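One structure is given here, and the rest of the page talks about it.
Here, each number is a calculation from the coordinates, and none is a lab measurement. The structure presented is a predicted model; accordingly, all values stated were derived computationally and were not measured. We place every Cβ from the backbone using ideal geometry, glycine too, and count neighbours over all the protein chains shown.
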Amino acid sequence: MARKIVVIGGGIVGSSIAALLPDDVSVTVLDRGPVGRLAGSTGLAPGFVGLLNEIPVLTELARASAELYDDLELDGTRGFERVGGVEVAGSPEAAEKLTKRAELAAAAGLPHRLLDAAETVALAPDLINPEHCHRGLHFTADGAARPDILTAALRKRSNARFVHDATVIGIELSGNRAAAVRTETDTYPADDVVLAGGIWGPQLAAMVDVQLPLTSFAHPYVYGPETASAPAAPFVRWPEHQVYTRHHGGRLGLGTYNHAIQPVPQDDLGASAEKPWPGEVFDEAVHRAMRLLPTPFNPAERLNGMFAVTPDNLPFLGPIPNIEGLWSAVAIWVTSAGGAARALVDQLLDKDPRFPDLHTLAPTRFEGQDPEALRTRARHLYNDIYASL
Ligand SMILES: Cc1cc2nc3c(=O)[nH]c(=O)nc-3n(C[C@H](O)[C@H](O)[C@H](O)COP(=O)(O)OP(=O)(O)OC[C@H]3O[C@@H](n4cnc5c(N)ncnc54)[C@H](O)[C@@H]3O)c2cc1C
């Protein structure tokens, strides 16, 4: 009989795993969201895929993700374009950091160019205000994703059965082995169970008394009004201001991490990764961030979406010790999702690892540590997210 793998969560992570598992495995993906709508973070992400990270394993996962995404399209719409990414420094001090990032990129074998102010602005004149541009670092292999298209294309590519409106309420064990997944209406027998529930990962892990210490944060992203489609420009980031922007066809989008943090406790998550816009905190941050654009825009749409941050900015990826057949693929960005799925599928199939340092992603690496201290570490990382990205 075919090996049965049940994946809980059909966002970009669960869908990538489903797409990469071989056909001789019987795969079921359970998601409580309805058909045709992504209930999790994937449906809200603007989709920057930057390959370079100070943590080498994240660079490798991102590289593999981009390679997977390169081929994905749905009905003629591509899910990923290598438009490039440019990091802008507004001061000589920030420019020094770009020089270090360039060295890191060279060591990782990633194509990049250090640019003067005029060259930087010329890459994306409608996104970069020359008054706040001293130098730039252009990563030509970075890209901008449409995570909804990628996820739909991955699902289409896979042979898995996707079950929607399926809320998982329990994971059954037989001795120390995962044996089945229970939803409100059905039970799905399983040889292996993969937790791919994003910000809800801790709730799924708690069903078998495992702690995944991630913190969910609300994050602002705004879209401008629809205008004529602009020529493709790189994704732009100002690491010193913790701000980023991109084109979405004819609309501009802008996000910022430079605001008072908004952690959301697990009990308050609800079933959607989107929360109401929290007024002044985000309005003020967005207003400040707009100074970096040559022409600030009036947001036509405001989005408050949640994503997961772990105490060391690394995913919880791999087998969960002491419970045979239970796996975690949680706290993973779109940037790393395809590569992380490859790494997990290799482990599921007992293949030689193709990525370095996977042990650093072990889901129970914080076992025994004080939960409040771990939450504090994650809170610092939210504002400092560009320190390592
Ligand atoms: C505003 C915003 C901006 C972002 N920007 C970027 C970016 O530029 N680049 C980038 O790489 N990443 C970005 N991210 C992060 C990225 O979106 C997420 O890390 C990624 O989408 C997580 O994918 P996932 O599949 O793990 O989780 P999700 O997409 O959240 O999927 C998890 C799924 O699990 C299901 N689920 C949970 N609990 C249960 C249950 N009990 N029963 C059944 N189903 C369940 C949910 O319904 C959901 O569909 C951003 C996120 C947000 C919100």
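Observations on the structure shown:
- Using only side-chain charges placed at the Cβ, +1 for Lys and Arg and -1 for Asp and Glu, the dipole size of the range 250-357 relative to its Cα centre rounds to 480 debye.
- Values of log10 I(q)/I(0), in the order q = 0.20 Å⁻¹, for the range 242-368 under a Debye, Cα-only, solvent-free model: -1.16
- Mean projected area in nm² (Cα convex hull; one quarter of hull surface) for the range 1-136: 11.3
- Residue with peak Gaussian network fluctuation, the chain [Cα springs, cutoff 10 Å], from Pro294, Pro276, Pro263: Pro276
- Beta bridges by DSSP in the chain, antiparallel share as percent, to the nearest 5: 75
- The simple Förster model, with R0 at 22 Å and r as the Cβ-Cβ distance, assigns Ala106 and Asp352 a FRET efficiency of 0.20.
- Computed lengthening from Arg37 to Asn159, 0.36 nm per intervening residue step minus Cα-Cα distance: 41.9 nm
- Here the Gaussian network model covers the chain, with springs between Cα atoms less than 10 Å apart; of Ala118, Ala362, Ala233, Ala118 fluctuates the most.
- Here is what passes the span test in the chain: the DSSP H helices with alpha carbon length of 18 Å or more along the helix axis and a Kyte-Doolittle mean of -1.0 or above are 56-69, 92-108, 334-348.
- Convex hull projection area averaged over all views, the chain, Cα basis, nm²: 18.5
- Charges were assigned to the Cβ only: +1 to each Lys and Arg, -1 to each Asp and Glu. The resulting dipole of the range 39-159 about its Cα centre is roughly 320 debye.
- Histogram of C-alpha separations across the range 197-301, 5 Å bin width, %: 2, 11, 19, 18, 15, 13, 10, 6, 3, 1, 0
- An ellipsoid equivalent to the range 25-88, defined through the eigenvalues of its Cα gyration tensor, has semi-axes of 25, 16, 14 Å when rounded to whole angstrom and sorted largest first.
- Gaussian network model of the chain, Cα within-10 Å springs - most flexible of Leu214, Leu358, Leu44: Leu358
- The dipole here belongs to the chain: it is taken about the Cα centre, uses +1 on the Cβ of Lys and Arg and -1 on the Cβ of Asp and Glu, and is about 340 debye.
- Dipole-positive endmost among Val345, Val83, His219 within the chain (Cβ charges, Cα centre): Val83
- For q = 0.26 Å⁻¹, Debye-computed log10 I/I(0) when each Cα of the range 307-389 counts as one equal scatterer: -1.36
- Rg/Rh (Cα only; Kirkwood hydrodynamic radius) as it applies to the range 137-267: 1.07
- Over the range 339-378 - Rg/Rh using Cα atoms and the Kirkwood inverse-distance radius: 1.13
- At an R0 of 41 angstrom, the distance between the Cβ atoms of Asp312 and Thr140 translates into a FRET efficiency of 0.90.
- Sequence-separation-based contact order of the chain, relative, with Cα cut under 8 Å and 6+ spacing, percent: 24
- Cβ-to-Cβ counts within 10 Å put Leu212, Leu110 in ascending order as Leu110, Leu212, the fewest first.
- Solution diffusion estimate, µm²/s, Stokes-Einstein, the range 101-193, Kirkwood Rh from C-alpha pairs, 4 °C, viscosity 1.567 mPa s: 70
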